[in-house]
Number of protein chains: 2
Amino acid sequence: MHGTPRPPATPAEALSAMDHLIAAHLIGQQELARRLGLTVTDLTCFAFVLEAGDDLLTAGDLAARAHVTTGAVTGILNRLERAGYVTRRPDPADRRRVRVAAVPAAVSRVEAVYAGHYKRLTALFADYSAEELAIITDWFTRATGLAHEYLEKLNRNDPDEEC
Amino acid sequence: MHGTPRPPATPAEALSAMDHLIAAHLIGQQELARRLGLTVTDLTCFAFVLEAGDDLLTAGDLAARAHVTTGAVTGILNRLERAGYVTRRPDPADRRRVRVAAVPAAVSRVEAVYAGHYKRLTALFADYSAEELAIITDWFTRATGLAHEYLEKLNRNDPDEEC
DNA sequence: GTAAATGTCTTAGCTACTAAGGGAACGTGG
DNA sequence: CCACGTTCCCTTAGTAGCTAAGACATTTAC
């Protein structure tokens, strides 16, 4: 279906389409987490750990990225560790810190559950040319940048509300 | 920046970019809800009410769309109603049902908080040609369809897990 | 007219979060 | 070396929102 002509769209249509995608993805995430016996927050943190790769995250890093308190992270790590997704490791340079390492077998466990959807998405992407993918990816990246800017501005101006 | 050539992208890059966008949006949603004195679930339900427009949703509809129990919906509607976002109305045809109507003033209240980000996104969209927007919108729509299919399949095969 | 089904609300209990503080480890300045 | 403040994670107490199960009113079917 490469290069199939599509009817042109308006910004409003694109925005609405994006909202629907995000809503669907949110529910999917919830289902996936439930199936793995985790919470959405746990799964998100596990994703952060995977994304960080070899330079292991600390518990505090996770708190910052997931926007939760360090107290919450303790619970999250307890669950993830007990379920065999991560292990806590001492930091050789700073004994206060706790570094979080992913358990290799757990990665494939998550991927196994997610494989169905992941394959479908990859197949969908294969339906587009590299140039079209470039447009889509570019937009994703810029929209993400905007979202981060927006969040920063919110947090800078008034961390607590006034409404 | 219409028609600016972009470096071609791979499916994996696109998928990763999508994940980041969704993660950012998720946190933004949380911030927005907090600022409005609501939970993310409340805000999501309010969005469903707005989307439904004039044919008012019932409490049960909301439970189905938000994937929560009807007991939870009672709490959600209590909060939304107390904060002045919606009103409960009797259904003339079926006195068991509760129909949910949005309070007009509340719509602009939410939009006021969201306006900053919304304007930036719209501006971003304006940077793309109608044809490029068509590609993006098309992809959103098809990815959403896939997500829904995946969810349906999950719920059909085994509503509860086996792991 | 009775029985089953439907739609919302209630109740009890659970889980994950925050806020506040504690104790160990770091790092700086005398 | 050694107090001092800081940083990091964990603990504790309290809260909020969810589920599950059932009550109650209403509708539908036979």
Next on the checklist: Can you confirm whether B:Thr141 is closer than 30 Å to A:Leu32 by Cβ and modelled with pLDDT of 95 or more?
Outcome noted: no
| task | Taking B:Glu13 as the residue in question, decide whether it is closer than 30 Å to A:Thr141 by Cα and without any contact (Cβ under 8 Å) to a residue 24 or more places away in the chain. | result | yes
Among residues of the range A:11-52 being more than 7 Å from every other protein chain (Cβ to nearest Cβ) and assigned to a loop (DSSP other than H, G, I, E, B), the residue nearest to DNA strand C (Cβ to nearest atom) is A:Thr39
Of A:Ala123, A:Ala112, A:Ala101, the only residue that is small (Gly, Ala, Ser), surrounded by fewer than 19 Cβ atoms within 10 Å (Cβ to Cβ) and in a strand (DSSP E or B) is A:Ala101
Filtering the range A:94-127 down to residues that are at the interface with another protein chain (Cβ under 7 Å from one of its Cβ atoms) and out of contact with any Pro (no Cβ under 7 Å at 6 or more places or on another chain) yields A:Gly116, A:His117, A:Arg120, A:Leu121, A:Leu124
Within the range B:53-87, restricting to residues that are more than 9 Å from DNA strand C (Cβ to nearest atom), within 14 Å of chain A (Cβ to nearest Cβ) and within 20 Å of B:Val110 (Cα to Cα), the one that is surrounded by the fewest Cβ atoms within 10 Å (Cβ to Cβ) is B:Gly53
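The values are calculated or read from the model by the stated rules, or taken from the named source; none is laboratory data. Note that this is a predicted model, so its numbers are computed, not measured. When we count neighbours, we look across all protein chains shown, and the Cβ atoms used for this are built from the backbone with ideal geometry, even at glycine.
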